[in-house]
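A short worksheet on the structure shown next.
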Amino acid sequence: MGMGLTTLAIGVAIAFGSTMGAPAQVATEVVTAQAQPSEAGAPATTAGGRPLAQAFGVPFPDLARRLGWQPSGRRDDVVDGREVRTLVYARAGRRLAWSVIDGPPVPAPLGATPVPVRGPATSQFESGGRVAVLTTRGGHSVVVSAAGVPAVAVIRAARSR
């Protein structure tokens, strides 16, 4: 009996360990972090509304001018050993999070569907009740997500400069 429990425990540990920190899960873990409250206020903006902030050399986009999303907060996280910087935008009572992951691009999570756009590969997926988009910018992965917002709006935000 003791040997059977040990074998079961080892099998569970192997199965559990094979998904923890797996590169394909980084994007979904970032979405989980994005759902958390902001840790700081919005960064300063230019007179035109462009955030005066960047992460790992990637500037955060001006979502106010064309899409109506105003910077409202920010947060820093570490996911699978990588720094993640997030700028939170708000519009009509909704929150949209735009994150840059330090390091090389991460793969799309299982079940993600490619979005047919020009430029870097872009994938759409859902995680934790949020619509999410994964793309690349400046050699880094960018994850954008929101709850209660149409996928096309999240894709537009992810593609904005």
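The values are calculated or read from the model by the stated rules, or taken from the named source; none is laboratory data. Treat the numbers as computed from the prediction; the structure is a model and nothing was measured. Virtual Cβ from ideal backbone geometry, glycine too; neighbours counted across all protein chains shown.
Please go through segment 1-46 and pick out each residue that is in a loop (DSSP other than H, G, I, E, B), surrounded by 12 or more Cβ atoms within 10 Å (Cβ to Cβ) and at pLDDT 90 or above. Hits for segment 1-46 are ALA35, GLN36, SER38, GLU39, ALA42, PRO43.
The condition (being among the polar types (S, T, N, Q), more than 18 Å from GLN54 (Cβ to Cβ) and free of Cβ contacts under 8 Å to residues at least 24 places away in the same chain) is satisfied by just one residue among THR113, THR122: THR113.
Considering ALA90, ALA112, the condition of being among the small types (Gly, Ala, Ser), over 19 Å from ALA27 (Cβ atoms), at pLDDT 95 or above and in contact with a Ser or Thr (Cβ under 7 Å, 6 or more places away or on another chain) is satisfied by ALA90 alone.
Given VAL117, VAL106, which one is touching a helix residue (DSSP H, G or I) at 6+ places or on another chain (Cβ under 9 Å), assigned to a loop (DSSP other than H, G, I, E, B) and surrounded by fewer than 18 Cβ atoms within 10 Å (Cβ to Cβ)?
On the way: VAL106 fails: surrounded by fewer than 18 Cβ atoms within 10 Å (Cβ to Cβ).
Sole residue among the options that is touching a helix residue (DSSP H, G or I) at 6+ places or on another chain (Cβ under 9 Å), assigned to a loop (DSSP other than H, G, I, E, B) and surrounded by fewer than 18 Cβ atoms within 10 Å (Cβ to Cβ): VAL117.
Residues in segment 47-76 that are in contact with an Asp or Glu (Cβ under 8 Å, 6 or more places away or on another chain) and either part of a strand (DSSP E or B) or modelled with pLDDT under 95 (or both): GLY48, GLY49, ARG50, PRO51, ALA55, GLY73, ARG74, ARG75, ASP76. Restricting to segment 77-101, and then to whatever is in a strand (DSSP E or B) and among the small types (Gly, Ala, Ser), can you tell me which residue is farthest from the chain's Cα centre (by Cα)? Out of the qualifying residues, it is ALA90.
Scanning segment 59-87 for residues that are of a type in the set (A, V, I, L, M, F, W, C) and under 16 Å from VAL31 (Cβ atoms) yields VAL78, VAL79, VAL84, LEU87. If the condition is being in contact (Cβ under 8 Å) with a residue 40 or more places away in the chain, crowded, with 18+ Cβ neighbours inside 10 Å and closer than 19 Å to ALA153 by Cα, then segment 61-90 contributes PRO61, ASP62, LEU63, TRP69, THR86, LEU87, VAL88, TYR89.
Screening ALA47, ALA53, ALA40 for residues that are more than 15 Å from SER141 (Cβ to Cβ) and in contact with a Gly (Cβ under 8 Å, 6 or more places away or on another chain) leaves exactly one candidate, ALA40.
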